[in-house]
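Heads up, the thing below is written out as structure tokens.
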Amino acid sequence: MDLIQAVKLYIIKMTEDCGPGMKVLLMDKTTTSIVSAVFSQSEILQREVYLFEQLTSTSSSDSMYHMKCITFLRPTRENISLLCKELRNPRYGYYYIYFSNIISKTDIKTIAESDIQEVVREVQEYYADYLAIAPHLFSLNIPSCGQCLSWDPLQLTRCTQGIISVLLSLKKNPLIRFQASSKMSKQLAEKVKVIFSKEENLFNLKQGDIQPQLLILDRREDPVTPLLMPWSYQAMVHELLTINNNQVDLSHIEDIKPDLHKVLLCAEQDDLYKQNIYKNFGEIGEIMKSLIDDFKSKAKNHQKLDTISDMKAFVENYPQFKKMSGTVAKHVIIMEQLSNYVTKKNLLEVSELQQQIACDIQSSQHTQKIRELIEKNIPDEEASKLVMLYALKSFSKDSNRELTSLIQILKSKKVADHWIELVHDVMKFQSKIILDNENTLKNAKQITKRFYKDLKGVDNIFTQHVPLMKELVEDLIKSRLKEEQYPFLSDINQPTKKYEVQDIIVFVIGGVTYEESMAIYNLNTANPQVRIILGGSTVHNSSSFLNEVKLATFGVIKSRGGSRKL
Amino acid sequence: MTEAGEENIVLEGFLCPICKVDFGVDLKLFLHFQEAHSEDQDLVKSFKDLFGKAKEKILKNDIGKKEERHYVWEPQEIGEVQSHFQYFKHCRNKWVEHFVMETNKTVVRLEKLLCNLPQDPNKRKTHEQTIVHWLDGKDVTRCPDCTKSFNITRRQHHCRLCGSIVCHECSCFLPLAKAYETINETAKNQLTSLTQSSPSFRLCVHCGQVLENREQIKYRDLKPLMCDYYDKIIECRNKIENDLLIKFNQTYNLLKEGESSYLTEANRIRSDIVKLAEAIDALSNRILKLENDTNSSKVTTKNIRLAMIQCVQSTVLAIPALPSLKEIEEIAQRKREAAEARLRNGQDLDKPKISQSVSKRHSTQKNEIKLRLEDGWSPVTNANVNSDNPVVEQMNIIKNYIKQAKEAYRFDEVASLERNLQELNEEYFKMQNDSGNMPGYSTKN
């Protein structure tokens, strides 16, 4: 169930299939990021791959017949026609063609008819059709799933393909469950089911005694989590600096060295990052400080190079020192940026209030505190996110009036219009309408939780909120996830008795967050008897999430505010 | 985790335990608690005892959790695959047959056209038309390739090989010399004058493509010089990885057992490996220096060089230095003593103990070897040029390190050493300048 290994093994197999010799890897844009997420350049060079090309309409015409071409493409119509064009005038000696997903017979025929020179040696499906970010996390890099709160057909297909390829690469044939309240998750579940029955041969997999479960969720059920300020390292970097294909763009920083314009943050290659990926901001600060102190003391020692032995020690350590200091320098700059943002945006105060709103602590004071913070001139996006959280979480009788007045304050503070629109959009986006009785039930639960927290005494007040997904998966592990709300897709042999759970694959339409990834990581660590994989249409931070919200609610007229019980 | 909270954001002062608000003064907190949580208070009290013990437990668990734990899953096996090659071949075979027929037809026509080709343009046209039937221009109003209609500016042209009508843009030209080449005849002498006057045949793109493909197939098997070098590199590499390294490790282990007779053998293997590594380095460098006309081949050669440097580094660095004869004899001596001791004390009694101590010695020996492995470059004394200035001395030492590092293929170290040398150089010149002003203080750093 290791996604990174699964993708890696496929690619290693590709380089082995074609035997020894110089190789070129011909990819499309998506497969390029799929490969680069799991392989470093030096690693792939050792597999005799010396050239990386993208299949585009404007490819170079340099022919190198002495090279073998490993072609790794998504089975899209555009790719097929480009591949046909390539094969009619082949630039390389032999072609080993791999598709990242299921391809139709007609497409194979079309390609075969273009191969007049008989250069193709292999045509295979290798199901590495997703971005493996961590052993337990994948993304499909879909910034937005649809409009009008329903699917964009293209993205529905892409999500289906993504899930199918994850299942095939892990050799899992799961029971499908979906979120009953979401039309989109039902559609996706059905699409996946259709492929199961269409490709019976492929899914005729050897299974253990306990059948895996695929749980399809909708982001609309929990729009709160992506709005909260996260404090673990990876999530924070994504929130404040944005991680894109494992890369962080730092070029906006003044007088930064050119080699740090784009830095790679890849747990597979960067041990320091790997060790600290889930640590919180405070812990990392400590670690960085001790690292720097260590280096400083070393550097200090090196400054007085009186004796030859001093000199020698210095020179011996120098290359390693250089290399380490490169990694440390990268993280120091990132940390510096993070703490700048924290101060500049007043994030400590903002986050504290966010958590209070999200966890229903001291509800009576929320509006007052939001007002106070807005008066402190926090940035537009933080101010409006607070109002959004309030809008999502408050259901009391006068909350509508309060909300209107809060929006008035935003307006008076000259917050940009699109932020205010987003407050309404987020409310349209939210799917859950909490009924009164459910509310009280939830409150009771909340109170117990708070007690539990107080017992621990010094629980981190910035990370009190628990993502809904964590609760759901915990329920699933204990076989307590309600079948009314998360039913099995019909006409699958439903387990009548209490089913056991071992392998779980969770997919979230509308994206996941790195906070949720951390929650799943912790669940995996705490429950060695289960294996949980998390995936989403993308990995969101608050701003990319709000973009998706904006697009998703485009064309939705009815505001949920109107349906509220007043 | 509790500690984490403290480290992260230190919450100090008079906090309300329930709502986590800082009240600054104890009195305020007290009042707040009375007001806001008076009901809760009873609740808290009643729960307090109940949870007192639980709390301890929870906290302990948390501390336990703080140790870095990762989930470990069994190793991933490769996922499902599905091959379509059989079906692909089936489809391709049908098509290739069709294509071969087409090619043959075209080539035969070309042969006919070239046979007894008249020099005069008018006669040539009749000759061409007798061999290939030309389509009637009246029937064709649009170019079949680009579907644009013919008019005064877009005139009709006939393909000399299939007789179809195309526009100028959708046609290509086949030079006579090349045409002869295609049918495996060299242009005859008497025709050279002709080639100048009428340079080529007009063809439609389709026929052009057919001939072009045929040409290409001829060139496919040509291998550039780079391939020879590369094959040699791979040969060297295979020899190192599949043969020499294994042998070396075997002899090295024997040496560690105290078998001094293998020392020359090990030295020989070691130098063989280094020689092959040098060869790889030289060959890949030669590939890099090859003339490359295209961008892709430039990138390729650069990457090959990069990969080979990595490979050389990892193999050469993986070979440990050999122990000296004296050290081996020491090991042998120790082993003998151990054996004797074992003989002296009853075998059964002390067996575990001895084996333990032996393994201990082994491990210390390993450590020693390791240390030597890592201790890098040593300053060569004879290189110390007599100089009063310590900076000059240091520069000389570094120069020596560079030399040694180069010999050991540690190129990244060479680079950093060179940078270091550069810095020292600058420092030295600065000092020289300073000392010009203040003679007598030249050595002060």
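The values are calculated or read from the model by the stated rules, or taken from the named source; none is laboratory data. The structure displayed is predicted, hence computed values, not measured ones. Cβ sites come from the backbone with ideal geometry, for glycine too, and all protein chains shown count toward neighbours. These area figures cover heavy atoms from the full protein model, side chains too; ligands, DNA and RNA do not enter into them. Shrake-Rupley method; radii C 1.70, N 1.55, O 1.52, S 1.80 Å.
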Check your understanding: Of the conditions (1) open to solvent by 40 Å² or more (accessible area, probe 1.4 Å); (2) in contact (Cβ under 8 Å) with a residue 24 or more places away in the chain; (3) facing chain B (nearest Cβ under 9 Å), A:S114 fails just one. Which one is it?
Key -> (1)
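When residues of the range A:198-249 are filtered for being part of a loop (DSSP other than H, G, I, E, B) and either polar (S, T, N, Q) or open to solvent by 30 Å² or more (accessible area, probe 1.4 Å) (or both), how many remain? Steps first, answer last, please.
So the first thing to find is which residues in the range A:198-249 are part of a loop (DSSP other than H, G, I, E, B), and the list is A:199-212, A:222-224, A:228-231, A:241-242, A:245-246.
After this cut, where a residue has to be either polar (S, T, N, Q) or open to solvent by 30 Å² or more (accessible area, probe 1.4 Å) (or both) as well, the list is A:199-201, A:204, A:206-211, A:242, A:245-246.
Within the range A:198-249, residues that are part of a loop (DSSP other than H, G, I, E, B) and either polar (S, T, N, Q) or open to solvent by 30 Å² or more (accessible area, probe 1.4 Å) (or both) number 13.
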Practice item. Give the range A:195-210 a look and list any residue that's touching a residue at least 40 places away in the same chain (Cβ under 8 Å) and within 27 Å of A:A180 (Cβ to Cβ), or say none. Key: A:I195, A:E199, A:I210
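To keep it simple, each residue is scored yes or no on (1) open to solvent by 90 Å² or more (accessible area, probe 1.4 Å); (2) more than 30 Å from A:S114 (Cβ to Cβ); (3) of a type in the set (D, E); (4) in contact (Cβ under 8 Å) with a residue 24 or more places away in the chain.
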| residue | (1), (2), (3), (4) |
| --- | --- |
| B:L110 | no, no, no, yes |
| B:K123 | yes, yes, no, no |
| B:E128 | no, yes, yes, yes |
| B:H133 | yes, no, no, yes |
| B:C146 | no, no, no, yes |
| B:R160 | no, no, no, yes |
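Filter the range B:202-219 for residues that are open to solvent by 30 Å² or more (accessible area, probe 1.4 Å) and either closer than 20 Å to A:Q117 by Cβ or of a type in the set (S, T, Y) (or both) and give the result. Steps first, please.
Going through the range B:202-219, the residues open to solvent by 30 Å² or more (accessible area, probe 1.4 Å) turn out to be B:202, B:205-206, B:209, B:212, B:214, B:217-219.
Once the filter is applied, which keeps residues that are open to solvent by 30 Å² or more (accessible area, probe 1.4 Å) and either closer than 20 Å to A:Q117 by Cβ or of a type in the set (S, T, Y) (or both), the range B:202-219 yields B:V205, B:H206, B:Q209, B:E212, B:R214, B:I217, B:K218, B:Y219.
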Exercise for review: Considering only residues that are open to solvent by less than 10 Å² (accessible area, probe 1.4 Å) and among the small types (G, A, S), look in the range A:343-363 and name the one that is nearest to the other protein chains (Cβ to nearest Cβ).
Suggested key: A:S351
Point to revise | Filtered residue count, the range B:245-266, keeping only those that are surrounded by 18 or more Cβ atoms within 10 Å (Cβ to Cβ) and under 21 Å from B:E278 (Cα atoms) | key: 2
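So that you can scan it fast, the table gives a plain yes or no per residue for (1) in a helix (DSSP H, G or I); (2) closer than 30 Å to A:D62 by Cβ; (3) touching a helix residue (DSSP H, G or I) at 6+ places or on another chain (Cβ under 8 Å):
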residue: B:K247; (1), (2), (3): yes, no, yes
residue: B:T251; (1), (2), (3): yes, no, yes
residue: B:L254; (1), (2), (3): yes, no, yes
residue: B:D272; (1), (2), (3): yes, no, yes
residue: B:A282; (1), (2), (3): yes, yes, no
residue: B:R286; (1), (2), (3): yes, yes, yes
residue: B:S296; (1), (2), (3): yes, yes, no
residue: B:R305; (1), (2), (3): yes, yes, yes
residue: B:M308; (1), (2), (3): yes, yes, yes
Revision key, fill the gap. Going through (1) free of Cβ contacts under 8 Å to residues at least 12 places away in the same chain; (2) in contact with a strand residue (DSSP E or B) (Cβ under 8 Å, 6 or more places away or on another chain); (3) farther than 30 Å from A:Q5 by Cβ; (4) surrounded by 15 or more Cβ atoms within 10 Å (Cβ to Cβ) one by one, B:T141 fails only at (4)
Check your understanding: Consider B:W73 against the criteria (1) at pLDDT 85 or above; (2) farther than 16 Å from A:V123 by Cα; (3) facing chain A (nearest Cβ under 7 Å): it satisfies all of them except one. Which criterion is unmet?
Key -> (1)
Check your understanding: How many of the residues making up the range A:150-193 are within 21 Å of A:L137 (Cα to Cα), aliphatic (A, V, I, L, M) and open to solvent by 30 Å² or more (accessible area, probe 1.4 Å)?
Key -> 0
